[in-house]
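Asker: Pasting a structure below so you can have a look.
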Amino acid sequence: MSFFRREDGYITSERSREQQHKDEVARGVTSNAEVRGVVVSGKTVIAKGTSIEGVITGSSDLIIEGNLEGEVKIDASFRVEEGGKAKATVFAKIIVIAGDVQGNMTATDKVEVLASGRLEGDVVAPRVALAEGAFFKGRVEMSGVVPSSKSKKKEEERVKEKI
């Protein structure tokens, strides 16, 4: 038996919200998530037909099959599948792009754009791979050490002061 209540003009079930979250976790659509941002606690897939906006942080792999807009800071791999779209600034260990991405990518290990991939944005990583047929528009900075986001912000501030 479910109990219903009116919320923001909609009738919802007390049980339905909890059950919906459990179903999403079981399908891999979300991990234990907050509404304002997703804290990744396991392998997370943003499924086709799903859109997420906000900040995602964590230490597990993130796979985008749907749409993402915001910022990603993870200590694992970030992958945008064919058909997936991301408009985001990404900091990850490994970044693999098979879909459509707009935004700056910073990886501690590698950024790879596959043949079906499309990337518009700057890349900072020790290793970068572009497959034949991949689309890339931006700047690449390769070095043995990737600057942390704090040192990158300091550099941006120094550049702004000179202007």
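The values are calculated or read from the model by the stated rules, or taken from the named source; none is laboratory data. Given the structure is predicted, the values throughout are model-derived calculations rather than measurements. Note: ideal-geometry Cβ built from the backbone for every residue, glycine included; neighbour counts use all protein chains shown.
Matching residues to (1) closer than 18 Å to Thr44 by Cα; (2) not acidic (Asp, Glu):
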position: Thr57; (1), (2): yes, yes
position: Ile64; (1), (2): yes, yes
position: Gly70; (1), (2): yes, yes
position: Lys73; (1), (2): yes, yes
position: Glu81; (1), (2): yes, no
position: Ala86; (1), (2): yes, yes
position: Lys110; (1), (2): no, yes
position: Gly133; (1), (2): no, yes
position: Ser143; (1), (2): no, yes
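This table checks each residue for (1) at pLDDT 95 or above; (2) of a type in the set (Lys, Arg); (3) not in a strand (DSSP E or B).
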{"position": "Glu69", "(1), (2), (3)": "yes, no, no"}
{"position": "Lys73", "(1), (2), (3)": "yes, yes, no"}
{"position": "Glu82", "(1), (2), (3)": "yes, no, yes"}
{"position": "Lys87", "(1), (2), (3)": "yes, yes, no"}
{"position": "Thr106", "(1), (2), (3)": "yes, no, no"}
{"position": "Ala129", "(1), (2), (3)": "yes, no, no"}
{"position": "Glu132", "(1), (2), (3)": "yes, no, yes"}
{"position": "Phe136", "(1), (2), (3)": "yes, no, no"}
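Asker: Across segment 115-127, which residue is farthest from the chain's Cα centre (by Cα) among those that are buried (at least 20 other Cβ atoms within 10 Å of the Cβ) and not in a strand (DSSP E or B)?
Answerer: Start the filter on segment 115-127 by keeping residues that are buried (at least 20 other Cβ atoms within 10 Å of the Cβ), which leaves 117, 119, 123-125.
In the following step, the residues that additionally are not in a strand (DSSP E or B) were identified as 117, 125.
Numbers: Gly117: 15, Ala125: 17 Å.
Across segment 115-127, the extreme among qualifying residues is Ala125.
Asker: Would you check if Val146 is surrounded by 15 or more Cβ atoms within 10 Å (Cβ to Cβ) and at pLDDT below 95? Give the derivation first.
Answerer: Values: surrounded by 15 or more Cβ atoms within 10 Å (Cβ to Cβ): yes; at pLDDT below 95: yes.
Yes.
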